[in-house]
Structures are given as C-alpha cells and as structure tokens.
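*Asks:* Sharing a structure here in structure tokens format.
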C-alpha cells in the first residue's frame, strides 16, 4: 500500500496517482459495462476497465491504474 510523507510525497513501492507505469496484461474475459478480467501474472486474475480501448479476448492491453489505455499489436 502506498503511504505519504509529511511533505505529501509517495513513500511506497508504487503510487497509482503519480507513476507513469503501464503494465501489459492479457484479456481473459470481457464483462459488461466496459470491464474485463485479465491475467495479471503469478496466477492472479484482476478486473480492469477496457472502456477506452477496443479490446478482445486474447489481446494484450497496457493497463495503468486499472484502466486499459492501449491495445498492443
């Protein structure tokens, strides 16, 4: 979990609000409402939004802060 120092800077390993990190994941299942289950690695399945991209099952998408921001080709 991310924590903050007295001056407001992130002190954790990963900060969802200020990191530029996007992670490639595979779409396993499309759900209603613009959501999808993805293979997050290590046997973990996570739910993310794919509302901003045209993703299909089997696609690899770049995810930042639980939002798919691009489809990799």
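The numbers here are math on the coordinates, done by the rules we state, and not lab data. The structure displayed is predicted, hence computed values, not measured ones. Neighbour counts are summed over all protein chains in view; Cβ atoms, including those assigned to glycine, are modelled from backbone coordinates with ideal geometry.
*Asks:* Would you mind getting me the FRET efficiency between residue 47 and residue 21? Use the beta-carbon distance for r and R0 = 25 Å, nearest 0.05. Before the final figure, lay out each step's value.
*Replies:* Numbers: r = 19 Å, r/R0 = 0.75.
The formula returns an efficiency of 0.85 here.
*Asks:* In percent, how large is the relative contact order of the range 23-72, given Cα pairs closer than 8 Å and 6 or more residues apart?
*Replies:* Numbers: 113 pairs, mean separation 17.6, N = 50.
Answer for the range 23-72 is 35 percent.
*Asks:* How far apart, in nm, are two points set 7 Å out from the Cα along the Cα-to-Cβ line at residue 64 and at residue 35?
*Replies:* In this crude label model, residue 64 to residue 35 measures out at 2.3 nm.
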